[in-house]
Amino acid sequence: MNQHKNIVIASGNPGKIKEIQAILKDYPIIPQSEFGVSEAEETGTTFVENAIIKARHAAEHANMAAIADDSGLVVDALQGEPGVISARYAGTRATDEENLRKVLRNLEGVPEDQRTARFICVIVLMRRQHDPMPIIAQGVWEGRILEQSFGENGFGYDPIFWVPEYQCASAELEPQVKNTLSHRGKALKMLTELFNHRAAQ
Ligand code: IMP
């Protein structure tokens, strides 16, 4: 990729933009809304498909390199649900609280050793709309679903996600600690490695 070129990001989340900007230092990361790009419809059935759909949509409409991520929770006893619909598990306008309550309800009576789950994050970087070789980074964070909520930090399913490394819920972790363990932290680390490798080629 040429130096000092802009990259459009298919997100308006300032936290995500800051984290990715810290990795892709020489490439100004600009939210797609600044180019008038609407949100893509997430029609994929996998995280990687949705991340590609979002990045390709942004690359097409802003006509430049694009980056997008997709993430969510995968629960074994629910055959992978909520998966790619993690943000809208209990309905299109559902709150985080409603979504996590639905997971707890669906897991009622499931014993502890069968409540295994993981957070997944996929990040895709494309040089152009028809880039046949996008960079694809992925991070996985293994844990278990608790029987009730604990903690005030984080967002989404953090209050019901048991973190074995710290013996507490993800919402009880300090944000800096969560970043070192999380699916997103791991995907960002992999993106750094893949990006630096590509840049050196
Ligand atoms: P997004 O693709 O990053 O917008 O995430 C989709 C959904 O997955 C969020 O709305 C959350 O419900 C869930 N999710 C993703 N990452 C996390 C996390 O770190 N903690 C809790 N929930 C998460």
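Taken over the stretch 10-54, the residue count meeting the criterion of being out of contact with any strand residue (DSSP E or B) (no Cβ under 7 Å at 6 or more places or on another chain), polar (S, T, N, Q) and part of a helix (DSSP H, G or I) is 1. Restricting the search to strands (runs of 3 or more DSSP E) fully inside the stretch 114-201 and requiring at least 2 residues that are under 16 Å from the mean Cα position of the chain (by Cα) and among the β-branched types (Val, Ile, Thr) gives 116-126, 135-145. Being touching a residue at least 12 places away in the same chain (Cβ under 8 Å) and more than 14 Å from the chain's Cα centre (by Cα) is a condition met by at least one residue of the stretch 82-95.
Please work out which residue is farthest from Thr95 (Cα to Cα), limiting yourself to the stretch 164-201 and to residues that are within 11 Å of the ligand (Cβ to nearest atom) and touching a Leu at 6+ places or on another chain (Cβ under 8 Å).
First, pick out the residues of the stretch 164-201 that are within 11 Å of the ligand (Cβ to nearest atom): 169-171, 173, 175, 178-179, 181-185, 187.
Filter once more, so that each one left must be touching a Leu at 6+ places or on another chain (Cβ under 8 Å): 169, 173, 181.
On the way: Ala169: 19, Leu173: 21, Leu181: 25 Å.
My answer is Leu181.
Within the stretch 24-55, count every residue that is at pLDDT below 90 and either buried (at least 18 other Cβ atoms within 10 Å of the Cβ) or closer than 18 Å to Arg128 by Cα (or both). Residues that pass the stated criteria total 2. Is it fair to say Ser38 is under 27 Å from Cys168 (Cβ atoms) and more than 10 Å from the ligand (Cβ to nearest atom)? So Ser38 fails the test. Annotation: of all residues in the stretch 58-77 being among the hydrophobic types (A, V, I, L, M, F, W, C), within 30 Å of Glu142 (Cα to Cα) and within 16 Å of the ligand (Cβ to nearest atom), the one that is most open to solvent (accessible area, probe 1.4 Å) is Val74.
Candidates are the residues of the stretch 119-163 that are open to solvent by less than 20 Å² (accessible area, probe 1.4 Å), away from the ligand (no atom under 13 Å from the Cβ) and of a type in the set (A, V, I, L, M, F, W, C); the one that is farthest from Asn106 (Cα to Cα) is Met126. Apart from one condition, Thr95 fits all of (1) in contact with an Asp or Glu (Cβ under 6 Å, 6 or more places away or on another chain); (2) under 26 Å from Glu41 (Cα atoms); the exception is (1). When Ala55 is tested against the conditions (1) farther than 23 Å from Leu181 by Cα; (2) free of Cβ contacts under 8 Å to residues at least 40 places away in the same chain, the lone failure is (2). Scanning the stretch 92-109 for residues that are open to solvent by 80 Å² or more (accessible area, probe 1.4 Å), assigned to a helix (DSSP H, G or I) and either among the basic types (Lys, Arg) or away from the ligand (no atom under 12 Å from the Cβ) (or both) returns Arg101, Arg105. In the stretch 78-90, which residues are within 9 Å of the ligand (Cβ to nearest atom) and open to solvent by less than 40 Å² (accessible area, probe 1.4 Å)? Correct list: Pro82, Val84, Ser86, Tyr89.
The values are calculated or read from the model by the stated rules, or taken from the named source; none is laboratory data. All values derive from a computational prediction rather than experimental measurement. Neighbour counts are summed over all protein chains in view; Cβ atoms, including those assigned to glycine, are modelled from backbone coordinates with ideal geometry. Calculation scope for accessible area: heavy atoms of the full protein, side chains included, ligands and nucleic acids excluded. Shrake-Rupley method; radii C 1.70, N 1.55, O 1.52, S 1.80 Å.
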